[in-house]
1. If residue 111 passes every condition in (1) in contact (Cβ under 8 Å) with a residue 60 or more places away in the chain; (2) touching a Ser or Thr at 6+ places or on another chain (Cβ under 7 Å) but one, which one does it miss?
2. Which one of the conditions (1) open to solvent by 60 Å² or more (accessible area, probe 1.4 Å); (2) assigned to a helix (DSSP H, G or I) does residue 304 fail to meet, given that it meets all the rest?
3. Sort out which residues of segment 151-169 are under 13 Å from residue 298 (Cβ atoms) and either surrounded by fewer than 17 Cβ atoms within 10 Å (Cβ to Cβ) or in contact with a Gly (Cβ under 6 Å, 6 or more places away or on another chain) (or both), and write them in order of number.
4. If residue 237 passes every condition in (1) of a type outside the set (D, E, K, R); (2) under 21 Å from residue 50 (Cα atoms); (3) touching a helix residue (DSSP H, G or I) at 6+ places or on another chain (Cβ under 7 Å) but one, which one does it miss?
5. Quick one: which of 40, 113 is hydroxyl-bearing (Ser, Thr, Tyr) and modelled with pLDDT under 95?
6. Can you spot a residue in segment 107-129 that is at positive phi and more than 22 Å from the chain's Cα centre (by Cα)?
7. From the list 74, 63, 89, exactly one residue is surrounded by 13 or more Cβ atoms within 10 Å (Cβ to Cβ) and more than 24 Å from residue 231 (Cβ to Cβ). Which is it?
8. Residues that are within 22 Å of residue 49 (Cβ to Cβ), in contact with an Asp or Glu (Cβ under 7 Å, 6 or more places away or on another chain) and hydroxyl-bearing (Ser, Thr, Tyr): does segment 207-225 have at least one?
Amino acid sequence: MGFVTQSKPQISGTSGKQQKALKPARSEGAKGALYGVGAYGLWGLMPLYFILLIPANSIEIVANRVVWSVIFCAIIITVSRGWGKIGAALRSRRIMGTLTIAGFLIVINWLTYVFAVTTGNTIEASLGYFINPLFSVLLGVILLKERLRPLQWTAVGIGFVAVVVLTFSYGKLPWIALILAASFGLYGFVKNRVGGRVDAITSLSIETAVLTPFAIAAIVIVTLMGQATLTGMGAGHFWLMASAGIVTAVPLLFFGASARRLSMTGIGLLQFMTPVVQFIIAITLLDEHMSVERWIGFVIVWVALIILVTDMLLHYRKSSRLRSLAPANS
């Protein structure tokens, strides 16, 4: 199994020139894996960053995250001379409409996630990202009328059982996890409508620019209510809040670099790094409690994910085999 989208070459009978030509492909795959580990690893470490921002509340944190992301993106676009791409996106009603919807979906995700971390619910936040692949599969059935393979149906069914068990454990629906899974799943679906017509930094710039007026209004309201911490907690706190733009954009740029070099299977496997790291941080560094019932619920989720990954790998191998045989049969 390889991360690179190209099929593996036959070593025997390969000329020196051909072998040299193959090295860049392997190198690109290695770079893609490193970028992917960087992106998903940084996303996994995000709870530690948001904990440092307390006593700022989730609304102030997310509002600052939007504003500082716009500023940081503007710097990157200026340095990379990417304003032409911004202009092209602005002239397209379809792209602007899609990215506007994406912006509101991601801010729901951010607000929920930051609220979860700053109120001691990082474990439930990690659950949301464990559930997300299952939700995305179900989304394909509902919105795209896709037909699921038997193992996919099995994974979704087991995931439903896990939600029931966790509902019993929490004494209520794990709404934080469900909102995170739904908002990020829908965000991915909406962004997929844009496809490759806009790059990662252009997309983030427009999404956050659309949200900026609301973010500024939120900052003003929080300030008038006497709850703002941006300028009242010292220089260290100010610069931590201001670094939200870097914290948001850097892993996204890493992800974009990874996605260009890896197959969808490679990306799909790496994405589990984020909730795993979040979960480990929650139970070790943040000392969040895991009851026996919650452990059972999480184990059921992990079983569902193992089945889903198994199906993904089997389907990938079958598709690769068919592609490799296609020229011979043509």
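The values are calculated or read from the model by the stated rules, or taken from the named source; none is laboratory data. Quick caveat: nothing in here was measured; it's all calculated off a predicted structure. Please note: Cβ atoms are built from the backbone with ideal geometry, for glycine as well, and neighbour counts cover all protein chains shown. Just the protein is used for accessible areas: all its heavy atoms, side chains included, with ligands, DNA and RNA removed. Shrake-Rupley method; radii C 1.70, N 1.55, O 1.52, S 1.80 Å.
1. Answer for residue 111: the failing condition is (1).
2. Against the list (1) open to solvent by 60 Å² or more (accessible area, probe 1.4 Å); (2) assigned to a helix (DSSP H, G or I), residue 304 comes up short only on (1).
3. Of the residues in segment 151-169, the ones under 13 Å from residue 298 (Cβ atoms) are 158-159, 161-163, 165-166, 169.
Passing the criteria: 161, 162, 165, 166, 169.
4. Tallying (1) of a type outside the set (D, E, K, R); (2) under 21 Å from residue 50 (Cα atoms); (3) touching a helix residue (DSSP H, G or I) at 6+ places or on another chain (Cβ under 7 Å), residue 237 fails exactly one: (3).
5. On the way: 113 fails: modelled with pLDDT under 95.
Just a single option satisfies the conditions, and that option is 40.
6. Of the residues in segment 107-129, the ones at positive phi are 120.
With the extra rule that they be more than 22 Å from the chain's Cα centre (by Cα), the set shrinks to none.
Taking every residue of segment 107-129 in turn, none turns out to be at positive phi and more than 22 Å from the chain's Cα centre (by Cα).
7. Working: 74 fails: more than 24 Å from residue 231 (Cβ to Cβ); 63 fails: more than 24 Å from residue 231 (Cβ to Cβ).
After ruling out the rest, the residue left standing is 89.
8. No; the residues of segment 207-225 include none that is within 22 Å of residue 49 (Cβ to Cβ), in contact with an Asp or Glu (Cβ under 7 Å, 6 or more places away or on another chain) and hydroxyl-bearing (Ser, Thr, Tyr).
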